[in-house]
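Okay, so here's the structure we're looking at.
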Amino acid sequence: MLDIRLIREDPELARRELERRGNTAGLESIVELDGHYRDLLHQVEELRAQHNKVSKQLGKTSDKPPQLIAEMRQTGEKISSLQQETSQIKTKLESLLLELPNIPHPSVPLGKDENDNTVVRSWGELKDFPFEPLPHWELGKELDIMDFPRGVKLSGSRFYVLKGLGAHLQRALISFMLDLHVKEHGYKEIYPPFMVRRECMVGSGNLPKFGDNLYHDEEDDLWFIPTAEVPLTNLHRDEILNVNSLPIYYVAYTACFRREKMAAGKDTRGIKRGHQFDKVELYKITEPENSEAELEKLVVDAEDVCRKLDIPYRVVQLCTGDLGFAACKTYDVEMWAPGCDEWLEVSSCSSCSDFQARRANIRYRPEPGARPRLVHTLNGSGLALPRVFIALLENYQQADGTVLIPEALEPYIHTDIVEN
């Protein structure tokens, strides 16, 4: 959530920054409502001062003039009415603020959409196959490790079943990534709930903006997480952290659930987009002055997975028009998938500045006795399945239809426990 003081003190600056990402909806209403809200607060303060003055006058005399008593009663009623109106305006103002996206970092390139994103670096050589590489949905069927019809039978469209070595490969990738980030990159592993309360969705920036894309248990008002970023953001909600504990690095494996409302016919083949998928998430909480450096390191940690799997990838900086709602700066990591003939986003590494921290009320005290300040939060996939699964199958396929296992995964593959 944006700081109302930024909008209040320099509305033109806020407007220019939001125009950079093509979204100023609601800003004018916020400016107008905030002005009205402050006027009401001023009126309440003046009436309270008047009410206190009359109260003191009455307290000094045993003879209570009916006129002063009536005036005091009317003033009290007016205060009560204005307080009720003030509360309603404040609620509406906060609701509008929750709909505003984060403002871009100054270093983010200007652009309208993904076509204006910039490739900042790439790694690895695209393999020149001596045969026509197959897409993963054909490989999966031929290897008998993916079952699309039974996924649909169980749960409907955009669901699938991994079986045998397919399921084992998925588990191996998750274990490999968790171990890498814990042992080599210094993250603490967390296993959070996959369902959270409404306030957790608000704190991370998913509600109210993206309610239509989330799965919801209405009876208990619990929400299925679209990413581990949601519970990780809220681990320290309403807390004041010790500065000596920063930065905090968390890594978590979770299943993720999204309605994935997309254009008809888009990415319908294979497992690129589904309503349920697995992901290893990286999350950081840091002091504001360190967040830019921590973002760069976060990207490197995500890249390390690609390098160790020896799969070609590139890093893309998103332009202002393609930033996520809570992000102020984002780099995407994309793996090459030769069978699909496209770059697949396997990680989106973002700095959210103090946007989530303000919503979730996460602060730290720079020094003993100092006023608490908002932390900065960062997140990124480390990495996301099933797209890593896709890239692995398609890059390591052989002419005879088999698929090799990357050397980094060999300690995690146990063929003797998988039935043929």
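The values are calculated or read from the model by the stated rules, or taken from the named source; none is laboratory data. None of these values were measured; they are calculated from a predicted model. Using ideal geometry, Cβ is built from the backbone for each residue, glycine included, and neighbour counts are taken over all protein chains shown.
Take the residues in the range 306-344 that are of a type in the set (Asp, Glu) and in contact (Cβ under 8 Å) with a residue 40 or more places away in the chain, then tell me which one is farthest from residue 23 (Cα to Cα).
310
Residues that are surrounded by fewer than 21 Cβ atoms within 10 Å (Cβ to Cβ): which strands (runs of 3 or more DSSP E) entirely in the range 309-420 hold 1 or more of them?
Qualifying strands (runs of 3 or more DSSP E): 313-317, 342-351, 362-365.
Can you tell me which residues in the range 9-30 are surrounded by 15 or more Cβ atoms within 10 Å (Cβ to Cβ) and within 20 Å of residue 88 (Cβ to Cβ)?
26, 30
Residues checked against (1) of a type in the set (A, V, I, L, M, F, W, C); (2) over 22 Å from residue 297 (Cα atoms); (3) within 14 Å of the chain's Cα centre (by Cα):
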position	(1), (2), (3)
348	no, no, yes
354	no, no, yes
361	no, yes, no
368	no, yes, no
371	no, yes, no
374	yes, no, no
381	no, no, yes
385	yes, no, no
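So residue 99 passes all but one of these: (1) under 30 Å from residue 320 (Cα atoms); (2) of a type outside the set (A, V, I, L, M); (3) in contact with a Leu (Cβ under 8 Å, 6 or more places away or on another chain). Which condition number does it fail?
With (1) under 30 Å from residue 320 (Cα atoms); (2) of a type outside the set (A, V, I, L, M); (3) in contact with a Leu (Cβ under 8 Å, 6 or more places away or on another chain) applied to residue 99, the lone miss is (3).
So residue 199 fits all but one of (1) closer than 30 Å to residue 290 by Cβ; (2) without any contact (Cβ under 8 Å) to a residue 40 or more places away in the chain; (3) crowded, with 17+ Cβ neighbours inside 10 Å; what number is the exception?
(3)
Output the number of the condition that residue 292 fails; it satisfies all remaining conditions of (1) in contact with a strand residue (DSSP E or B) (Cβ under 8 Å, 6 or more places away or on another chain); (2) under 30 Å from residue 144 (Cβ atoms).
All conditions are met except number (2).
Of the residues in the range 277-309, how many are among the charged types (D, E, K, R) and closer than 17 Å to residue 122 by Cβ?
Residues that pass the stated criteria total 5.
When residues of the range 95-128 are filtered for being in a loop (DSSP other than H, G, I, E, B) and either among the aromatic types (Phe, Trp, Tyr) or touching a Cys at 6+ places or on another chain (Cβ under 9 Å) (or both), how many remain?
Qualifying residue count for the region: 12.
Restrict the check to the range 385-400 and report whether at least one residue is over 21 Å from residue 136 (Cα atoms) and modelled with pLDDT of 95 or more.
No, the conditions are met nowhere in the range 385-400.
Scan the range 284-305 and give yes if some residue there is touching a residue at least 12 places away in the same chain (Cβ under 8 Å), touching a helix residue (DSSP H, G or I) at 6+ places or on another chain (Cβ under 9 Å), surrounded by 18 or more Cβ atoms within 10 Å (Cβ to Cβ) and assigned to a loop (DSSP other than H, G, I, E, B), otherwise no.
Within the range 284-305, none of the residues are touching a residue at least 12 places away in the same chain (Cβ under 8 Å), touching a helix residue (DSSP H, G or I) at 6+ places or on another chain (Cβ under 9 Å), surrounded by 18 or more Cβ atoms within 10 Å (Cβ to Cβ) and assigned to a loop (DSSP other than H, G, I, E, B).
Please state which one of 146, 177 is more than 20 Å from residue 356 (Cβ to Cβ), in contact with a Phe, Trp or Tyr (Cβ under 7 Å, 6 or more places away or on another chain) and crowded, with 19+ Cβ neighbours inside 10 Å.
Going through 146, 177 in turn, just one is more than 20 Å from residue 356 (Cβ to Cβ), in contact with a Phe, Trp or Tyr (Cβ under 7 Å, 6 or more places away or on another chain) and crowded, with 19+ Cβ neighbours inside 10 Å: 146.
Being closer than 26 Å to residue 42 by Cβ, touching a residue at least 40 places away in the same chain (Cβ under 8 Å) and not hydrophobic (A, V, I, L, M, F, W, C) narrows it down to one residue among 90, 53, 78, 127; which is it?
90
Okay, residues lined up against (1) aliphatic (A, V, I, L, M); (2) at pLDDT 80 or above:
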position: 60; (1), (2): no, no
position: 64; (1), (2): no, no
position: 71; (1), (2): no, no
position: 80; (1), (2): no, yes
position: 87; (1), (2): no, yes
position: 93; (1), (2): yes, yes
position: 96; (1), (2): yes, yes
position: 102; (1), (2): no, yes
